1. Please determine, by comparing only the residues of region 331-342 that are more than 16 Å from Q293 (Cα to Cα) and among the β-branched types (V, I, T), which one is most open to solvent (accessible area, probe 1.4 Å).
2. Might you let me know whether region 71-84 holds any residue that is within 29 Å of Q100 (Cβ to Cβ), at pLDDT below 95 and under 17 Å from the mean Cα position of the chain (by Cα)?
3. What are the residues in region 292-311 that are among the aliphatic types (A, V, I, L, M), open to solvent by 50 Å² or more (accessible area, probe 1.4 Å) and under 25 Å from the mean Cα position of the chain (by Cα), if any?
4. Could you list, in sequence order, all residues of region 252-291 that are surrounded by fewer than 14 Cβ atoms within 10 Å (Cβ to Cβ) and within 17 Å of M138 (Cα to Cα)?
5. Please specify each residue of region 240-255 satisfying the condition of being touching a helix residue (DSSP H, G or I) at 6+ places or on another chain (Cβ under 8 Å) and either β-branched (V, I, T) or modelled with pLDDT of 85 or more (or both).
6. Any residue that is farther than 24 Å from R83 by Cβ, in contact with a Cys (Cβ under 7 Å, 6 or more places away or on another chain) and open to solvent by 30 Å² or more (accessible area, probe 1.4 Å) - is there at least one of those in region 198-215?
7. Determine the pairs where a residue that is under 21 Å from A203 (Cα atoms), located within region 100-125, has a partner that is among the hydroxyl-bearing types (S, T, Y) with Cβ atoms under 8 Å apart, the partner being 6 or more residues away or on another chain.
8. What residue, among those in region 180-220 that are among the hydroxyl-bearing types (S, T, Y) and in contact (Cβ under 8 Å) with a residue 12 or more places away in the chain, is nearest to G162 (Cα to Cα)?
Amino acid sequence: MPPSSAPLTHSVTLRRFLFEALAALGFDPGQIYRQAFQGAERNLLLSDGREPHELAPRFWQAIAPLTGDAQIGLHLAEAMQPRALDVAGYLLLSAATLRQGLQALLEYQALLSGGLLARLEVNGAQARLIFDLSYQGMPYLAQQSDCLALLLLKLLQWVSDGRVQVQAVQLRHPAPAQWGEYERLLGCRPHFAAAHDALCFQADVLDKPSRNACPSVFAALQREAQVQLASLVGDLLLQRLRNQLQGQLGTSQAMTLAHSAEALAMPVGALKQALSERGLGFRQVLDGVRRAQVSALLTQAMPFKEVARQLGYAELSPFYRAFRRWYGQTPQVVRQRLKAEV
């Protein structure tokens, strides 16, 4: 497998929290995981102790039916006891200020998950921490978004000695029939069907001195984080860009260099330069992502207009031109061939 196409991974930190929370709620964590992954648990851990990122949806899509709790994501986070479990957590804890800790966490976010698209925005008196997780062909996982929203809020309150108070919560999934638990646990009713998963809180807390600050420990942890980040397999930038684009396919979001740079928390010029150094352009990467998805879409009984939409094309004509460039044939011919091979 070429380095740039190596699969994304995530740390086992969240799984440790989940195991503890499932047990606290009276469930057997091992049984839940075996049922969710249907015997695939042997494939969950890679040789470096990390997990394949794209396996996560299997857990989050199965957890509500398995537990019988339609709001299990919130209840899992309620049972979690926030603390530092990895280098990112200790960086957040030992930073001089919450701003410094969050900036470090964002710099090394790929250690938590290669599919994490997090960034901090400050607009006047309000700070917004975006924490989107992207999966191939899947814009969001509702239970995971709920769980992360509450867990991150608890972590921020823990490291800030309770100074962080949520002002608004934004979630990408549609509003559920009942939202009382959101108000109880998050302190407000979230804005559902939002563009991003995000926590909004008062910006002035970002620069308050932390009583847990330890500059020497923070510096040592940064060095360790750099070593861990460098050890991840493959070209991480290309992995994350492709994953971000795959997560956008079929949505209404613009698939542009500027949008991807924003999602990856990079200046547009820096992303363009990084791709140029690899002999690539943004359109070339996007074209490759679309081509990698088109065969699976053609095997489904959907009109070509819908196939084009799923690939991010607003019109049929650019889809047809791209398809001829990829295969030298029309989509109709290739669909017939694929059907014959089944």
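The values are calculated or read from the model by the stated rules, or taken from the named source; none is laboratory data. Since the structure is predicted, the reported quantities are computational estimates derived from the model, not experimental observations. Note that each Cβ is placed from the backbone with ideal geometry, even for glycine, and that neighbours are counted across all protein chains shown. Side chains included, ligands, DNA and RNA excluded: accessible areas come from the protein's heavy atoms. Shrake-Rupley method; radii C 1.70, N 1.55, O 1.52, S 1.80 Å.
1. Looking at the filtered set, the residue picked out is V342.
2. no
3. As a first pass, look at region 292-311 and keep what is among the aliphatic types (A, V, I, L, M): 292, 294, 296-298, 301-302, 307-308, 311.
From what's left, open to solvent by 50 Å² or more (accessible area, probe 1.4 Å): 292, 296, 301.
The answer is A292, A296.
4. Answer for region 252-291, where residues must be surrounded by fewer than 14 Cβ atoms within 10 Å (Cβ to Cβ) and within 17 Å of M138 (Cα to Cα): S252, A254.
5. R240, L241, R242, Q244, L245, M255
6. Within region 198-215 (the criterion being farther than 24 Å from R83 by Cβ, in contact with a Cys (Cβ under 7 Å, 6 or more places away or on another chain) and open to solvent by 30 Å² or more (accessible area, probe 1.4 Å)), the answer is no, since none of the residues qualifies.
7. That search, which allows pairs on different chains as well, returns G101/S94; G101/S210; L117/S134.
8. Selected residue: S210.
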